[in-house]
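Have a look at the structure below before the remarks.
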Amino acid sequence: MSVIEGTLSDLGKHDPLEQIFLCRETAISAANVGDWAKCRTWFQAGLEASLGVRGNRLRPMLIGLKADHALAAYRAGDHAPAIAEMGDVLSSLAEIDDDTSTKAIYCHRVVHHGLLWMYAQV
């Protein structure tokens, strides 16, 4: 078992916010080496950890995490579910006003960029 896989099994030792950041950073690392299946797995673990986060303060980040998961799924070859998930992301994006914070503005722009990339691939 690799160190990263061991980390996935030990996620419960951290609070949900730490889990989200750990999963996100590990997913990015997997993407950087082109392992889209592991990237997707780590984004999924981050989404599961996000269920333990209360309040709306992190809503832009969690929407972005879901968009990242959809893009990783698409890159891993699971096209139809990825496109459906991106539809959910767009619906969620309507819940945050892009004028409320820098995080919200960034989330809107990056999700739209990812959507354009996915559209070009389709």
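The values are calculated or read from the model by the stated rules, or taken from the named source; none is laboratory data. This one's a predicted model, so the numbers in the text were calculated from it and none came from an experiment. FYI the Cβ positions are ideal-geometry reconstructions off the backbone, even for glycines, and counts take in every protein chain you see. Quick note on the areas: whole protein, heavy atoms, side chains included, nothing else; ligands and nucleic acids left out. Shrake-Rupley method; radii C 1.70, N 1.55, O 1.52, S 1.80 Å.
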Out of the total accessible area of the range 36-110 (probe 1.4 Å, heavy atoms of protein only), what percent is carbon and sulfur? 52
Is it possible to state the helix-based mean residue ellipticity at 222 nm for the chain, with each DSSP H run of 4+ residues giving -39500 (n - 2.57), the sum divided by total residues, to the nearest 500 deg cm²/dmol? What is it? -24500 deg cm²/dmol
Only four residue types carry charge here, +1 at the Cβ of Lys and Arg and -1 at the Cβ of Asp and Glu. Report the dipole size of the range 14-122 about the Cα centre in Debye, rounded to the nearest 20. 100
Taking a probe of 1.4 Å, how large is the accessible area per residue of the chain, in Å²? 60
Net lengthening on full extension, H113/D78 (0.36 nm per residue, minus Cα-Cα): 10.6 nm
Could you state how much accessible area V33 has, in square angstrom rounded to the nearest 10, with a 1.4 Å probe and all protein chains kept in place? 120
Cα gyration tensor category, rounded, prolate or oblate, for the chain with a/c compared to 1.5: oblate
Ignoring trypsin sites (Lys or Arg not before Pro) buried by more than 11 other Cβ within 10 Å or outside DSSP loops, the longest site-free run in the chain is 58-122
For the ranges 44-52, 80-88, what's the packing order if you count other beta-carbon atoms within 10 Å of each residue, average per peptide, and put the highest first? 44-52, 80-88
